[in-house]
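Asks: Questions regarding the structure given below will be posed in turn.
Just so you know, all these numbers are worked out from the coordinates, no wet-lab data involved. Just so we're clear, the structure is a prediction, and the values are computed from it rather than from any experiment. Note: ideal-geometry Cβ built from the backbone for every residue, glycine included; neighbour counts use all protein chains shown.
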Ligand code: ADP
């Protein structure tokens, strides 16, 4: 018989041992042995192994010697447990047939059982390993981050579906190979990680970058754990590559925003510094301007003082001249009256006209002197300030003017009181009312005197007429001394009335203005403070 040929076996003894061997042959547990059962001999046809063989169509006989006739029988196994039978078979069997008695068969049987048990154990171990592998695989595959397992040579031996999903490579493309996906600039930290793995050290959260199959670059946070074999020697490493591209983008955006903010703060600070500098400059400039203004003001005040002094001097001069002229004029006046009286009978009409002209000229001279003295006196008399009921004051003033029938002066009803020097108030309203009547060509001359409050502290009093009116271009002029818009032939006067009004108004800390149109009458407005305190 050659190696690999089938071993044809016959069993003597149809007990339980026989049945067990038949079972093993049919279960192909002895397939390694290439054994085939071709006959069973037993003196007891009811024995269970014997019947079992019959049921499976195996040749059976009561006499074991029948077995010798079987063609191609290679071995007889004796399982009767009887020495005598064993010896008998050993003696009578054909030479080419091998023989195994029940002692050797039991030994074989035990060895076979032990081996079977070992194989079963191995199988259980393998299954447990498979289960455990399956468990870890499930855990790894459930991990949402890409995971790759390397051997110690750095070759990929396992990648998770998440790895394929994120980086694009399939297990077929990678396993057993080194993964070439590190950008050049990310080698320093990658080399550091490789060194750690080779030294058997784990690490976590190392930030780096990796290419995907499509060529994109992802930011990743890498953690790795070493795994050991039974002898505690590192045999590989498990790497988790968390994709932190989005987080990096957010971080970068934050960084950018932070940077921009800093830049803006810097700009604003610089701007502020510039503005402060400008403000300081402006302040210095302003201080300088204020100083210049103060100097100008002082100069102006000095000039005003000078002017006032000059005015005073002039006024004194006018006063002296007027005063000194008063007596000679009075004398001329008187002498011309005497002459007219004495010569009344003998003078012809021409001479009388000369004398009248002389008298008129002297009267005008006297009026002028009076008005000049009046102007000089404005505010100089030591008249104390009084509380004046303006309504009563006006009534008395108008009565003293002895107005003719063609003149009507209307005053308001409810006049307030005012604090003022009565002389000044009289100078103001006597002149204004006189002018309102004088410069008036209407058949019925109408003058209205009224008032309105302008503020908490001031009243505005007005004198309105239906007279000849004034050109707006002359409003300023008429308040100056000797400024008249008409000749003496048209209207009597010295040109000093409104100058006196203006000066008296100023003395009462007030102001005067006019509104008028030629032919439509004029209104003179006088604004006066209610009191004269602390001015
Ligand atoms: P006078 O009355 O002596 O002429 P004023 O100083 O009082 O001098 O007036 C100056 C000039 O102002 C007057 O000559 C006149 O032309 C003009 N004027 C004054 N009051 C009026 C008025 N109510 N209507 C028109 N003109 C006036």
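Asks: For the chain, what is the percent of antiparallel DSSP beta bridges, rounded to the nearest 5?
Replies: 70
Asks: Enter the angle in degrees (range 0 to 90, nearest 10) between the Cα long axis of helix 349-377 and the first principal axis of the Cα atoms of the chain, meaning the one along which they spread out most.
Replies: Compared with the principal axis, the helix lies near 40 degrees.
Asks: While we're looking at this one, here's another question. Give the share of C-alpha pairs in each 20 angstrom bin for the chain, from 0 to the last occupied bin, in whole percents, shortest bins first.
Replies: 13, 18, 11, 9, 7, 11, 8, 8, 10, 4, 1, 0
Asks: Quickly rank 91-99, 447-455 as a protection proxy: mean count of other C-beta atoms within 10 Å, highest first.
Replies: Going from most to least packed, we get 447-455, 91-99.
Asks: For the stretch 438-520, what is the convex hull (Cα atoms) projected area averaged across all directions, in square nanometres? Mind showing how you got there, number by number?
Replies: Working: hull surface 24.5 nm².
Mean shadow area of the hull around the Cα atoms is 6.1 nm².
Asks: Could you check the spin-label model distance between residue 92 and residue 172? Points 7 Å from the Cα along Cα→Cβ, value in nm.
Replies: For residue 92 paired with residue 172, the spin-label model returns 6.8 nm.
Asks: Could I ask something else about it? Taking a cut-off of 20 Å, what percent of all Cα-Cα pairs in the stretch 264-391 are separated by more than that?
Replies: 73
Asks: Something else about it: Which angle from 0 to 90°, rounded to the nearest 10, does the C-alpha axis of helix 497-507 make with the longest principal axis of the chain?
Replies: 50
Asks: Over every pair of different alpha-carbon atoms in the stretch 7-119, take the mean of 1/r and invert it; report that Kirkwood radius in Å. Walk me through the intermediate numbers first.
Replies: Working: mean 1/r = 0.0715 Å⁻¹.
With all distinct Cα pairs of the stretch 7-119 included, I get 14.0 Å.
Asks: Please give the helix 245-343 orientation as an angle from the longest Cα principal axis of the chain, in degrees from 0 to 90, rounded to the nearest 10.
Replies: So the inclination is approximately 0 degrees.
Asks: If you split all Cα-Cα distances of the stretch 104-233 into 5 Å bins from zero, what percentages do you get per bin, shortest first?
Replies: The distribution over the stretch 104-233 is 2, 8, 14, 18, 17, 11, 7, 5, 4, 4, 4, 3, 2, 1, 0, given as percents.
Asks: Next question, about the same structure. With a 10 Å radius around each residue's Cβ, average the other Cβ atoms per peptide and rank 484-491, 125-132, highest first.
Replies: Top to bottom by mean Cβ count within 10 Å: 484-491, 125-132.
Asks: Additional query: I need the semi-axes of the equivalent ellipsoid of the stretch 384-529: take the C-alpha gyration tensor, multiply each eigenvalue by 5, square-root it, list largest first in whole angstrom.
Replies: The three semi-axes for the stretch 384-529 are 24, 18, 14 Å.
Asks: Rounded, prolate or oblate: which fits the stretch 150-217, taking a ≥ b ≥ c as square roots of the Cα gyration tensor eigenvalues, rounded meaning a/c under 1.5, else prolate when a/b beats b/c? Numbers along the way, then the final one.
Replies: Numbers: a/c = 1.87, a/b = 1.25, b/c = 1.49.
Oblate is the answer for the stretch 150-217, as a/c is 1.5 or above yet b/c matches or exceeds a/b.
Asks: Oh, and also: Averaging the inverse of every distinct alpha carbon separation and then flipping it gives the Kirkwood radius. What is it for the stretch 415-484, in angstrom units?
Replies: It is 14.0 Å.
Asks: Restricting to DSSP H runs of at least four residues, report the calculated mean residue ellipticity at 222 nm for the chain, -39500 (n - 2.57) per run over all residues, nearest 500 deg cm²/dmol.
Replies: Result for the chain, helices only: -17000 deg cm²/dmol.
Asks: What is the Cα coordinate range of the stretch 304-459 on the first, second and third principal axes, sorted by size from largest, in whole angstrom?
Replies: For the stretch 304-459, the Cα spread along each principal axis is 68, 48, 24 Å.
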